[in-house]
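The values are calculated or read from the model by the stated rules, or taken from the named source; none is laboratory data. From a predicted model like this one, the values you see are computed outputs, not experimental measurements. As a convention, Cβ positions derive from the backbone with ideal geometry for all residues, glycine included, and neighbour counts pool all protein chains shown.
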Amino acid sequence: MDAPRKQSKVIRWIDERLPIFAFVDHELNAYPTPRNLSYWWNFGSLAGFMLVTMIATGIFLAMQYTPHVDFAFDSVERIMRDVNWGWLMRYIHMNGASFFFIVTYIHVFRGLYYGSYKYPRELLWMLGVVILLLMMATAFMGYVLPWGQMSFWGATVITNLFSAIPIVGNDIVTWLWGGFAVGNPTLNRFYSLHYLLPFLIVGVVMLHLLALHQHGSNNPLGIDRKGPQDSIPFHPYYTIKDMFGLGVFLIVYAAFVFFMPNALGDPENYIPANPLQTPPEIVPEWYFLPYYAILRSVPDIWLLVFTIPSKLAGVLCLFGSIGVLFVVPWLDTSPVRSSRFRPVYRWFFWVLVIDAFALGAVGAHRPDAVIGGISYLSIGRVGTLYYFFHFLVLLPLLGKIERPRPLPASISAAVLKSVPPAASGKMEHA
């Protein structure tokens, strides 16, 4: 209550005309937050931290990079060898892409587990899926910029997927390439878009936060706040919690940057791009492997009088694997949000997590490779089938037939019930 009297005259003068400080204080300080958020809620702020880190290091690298097929590879080597702290900026940026996807994927699966996509947060969830799509596009274009072997051939293979689209496919590929093969126009286009898209992500993140603050955060119980007793201010309670989580995250991040910076990359990308020599195996970055497995696993699909070729069917399923996330709020028919009270759905959720890892393993191996007498292609087809079965069949069906456990009366009742009587008494007295 004393905060306004402690503000300087300059801040009060600005706030009377442009209430930016009052807005920040309300949204980041006094913002009421459910009192039972766990560390799984740290990954949203970690994703924001990684976005800022990627933009800052990306601007530094853009100052030294030359977007030309004759000089791109050498300019990256110059950044690593001759530019002061260039090696550090590149390793932070290169490994930052992987860690950005790690925290984002955990954030997405946390939302799926606790039903954070349900009413009234449908648009919040959909904006999050848009952010994921923009991240994928940005990461793909950024991976092309070093102009190594995997950069060149990855760009060739992925952009060629659009040729499977009937009638307009080849025109789309030509437009993406800026010509009739991956070359200098392609590199320039990808460099421009790779620089632009992160700022577009920032804009969507702002909308994401606006939608979040409209109805507040979901919580592990998946029930709405009933009153002030269910809430605590975001600061200092969750700022401290986020700072602790950030510290642990930075320890792991720094371990990769300083001790194993190339562990998550492909050694083929340290070879200059050669259009006349195809690498033994063209594999995307690890965070694209599940989608790559889906792309390669889909066979020809027969629909009554016509056939969808496997290449087009794979592309459709690839984009469908992300598109289905947009409609999850309407596919899940259960009135209960949190999986804590949905014992059957909880088991299938963990099957989905295992399925995602299995698809990642399939994407990292040749389709004709065999493990335990079973081909990776067969595993990929089963994994792809379950992925769509989970969202398109299980979610609607379980919402109708599952009998969830009773929900607690309120957040505070559930929190205080889990606290020993002596500790609870001290809290009430305080």
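Which members of the range 274-290 meet the condition of being touching a residue at least 60 places away in the same chain (Cβ under 8 Å), farther than 16 Å from VAL144 by Cα and in a loop (DSSP other than H, G, I, E, B)?
Passing the criteria: GLN277, GLU281.
Filter the range 236-247 down to the residues that are at pLDDT below 95 and either surrounded by 15 or more Cβ atoms within 10 Å (Cβ to Cβ) or in a loop (DSSP other than H, G, I, E, B) (or both) and list them by number.
Matches in the range 236-247: TYR238 only.
Within the range 20-40, work out how many residues are out of contact with any His (no Cβ under 9 Å at 6 or more places or on another chain) and part of a loop (DSSP other than H, G, I, E, B).
Counting residues in the range 20-40 that are out of contact with any His (no Cβ under 9 Å at 6 or more places or on another chain) and part of a loop (DSSP other than H, G, I, E, B) gives 4.
Quick test of your reading of the structure: LEU221 fulfils all but one of (1) within 27 Å of the chain's Cα centre (by Cα); (2) part of a helix (DSSP H, G or I); (3) modelled with pLDDT of 95 or more. Name the failing condition by number.
All conditions pass for LEU221, except number (2).
Does the range 213-225 contain any residue that is of a type in the set (Lys, Arg) and either surrounded by fewer than 17 Cβ atoms within 10 Å (Cβ to Cβ) or in contact with a His (Cβ under 9 Å, 6 or more places away or on another chain) (or both)?
No; the residues of the range 213-225 include none that is of a type in the set (Lys, Arg) and either surrounded by fewer than 17 Cβ atoms within 10 Å (Cβ to Cβ) or in contact with a His (Cβ under 9 Å, 6 or more places away or on another chain) (or both).
Let's see how each residue does on (1) assigned to a helix (DSSP H, G or I); (2) closer than 26 Å to GLY216 by Cα; (3) more than 28 Å from the chain's Cα centre (by Cα):
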| site | (1), (2), (3) |
| --- | --- |
| GLY44 | yes, yes, no |
| MET54 | yes, no, no |
| TYR65 | no, no, no |
| SER75 | yes, no, yes |
| MET94 | yes, no, no |
| ILE106 | yes, yes, no |
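Are any of the residues in the range 248-267 part of a loop (DSSP other than H, G, I, E, B), of a type in the set (D, E, K, R) and within 30 Å of LEU385 (Cα to Cα)?
yes
Counting only residues that are aromatic (Phe, Trp, Tyr), surrounded by fewer than 20 Cβ atoms within 10 Å (Cβ to Cβ) and part of a helix (DSSP H, G or I), how many does the range 177-194 have?
Matching residues across the range 177-194 total 1.
Being at pLDDT below 95 and closer than 27 Å to MET126 by Cα is the filter here; which residues of the range 177-204 pass it?
none
Test THR174 against the stated conditions and say whether it is outside any loop (DSSP other than H, G, I, E, B), over 28 Å from MET54 (Cα atoms) and either among the polar types (S, T, N, Q) or under 23 Å from the mean Cα position of the chain (by Cα) (or both).
Yes.
So which of MET136, MET89, MET94 ends up being in contact (Cβ under 8 Å) with a residue 12 or more places away in the chain and touching a helix residue (DSSP H, G or I) at 6+ places or on another chain (Cβ under 7 Å)?
MET89
Using the structure shown, decide if MET1 is modelled with pLDDT of 95 or more and among the aliphatic types (A, V, I, L, M).
no
Considering only residues of the range 122-174 that are within 21 Å of PRO280 (Cβ to Cβ) and among the aromatic types (Phe, Trp, Tyr), which is surrounded by the fewest Cβ atoms within 10 Å (Cβ to Cβ)?
Result: TRP153.
State which residue is nearest to PHE389 (Cα to Cα) when the search covers only the range 310-340 and only residues that are in contact (Cβ under 8 Å) with a residue 24 or more places away in the chain and among the hydroxyl-bearing types (Ser, Thr, Tyr).
SER321
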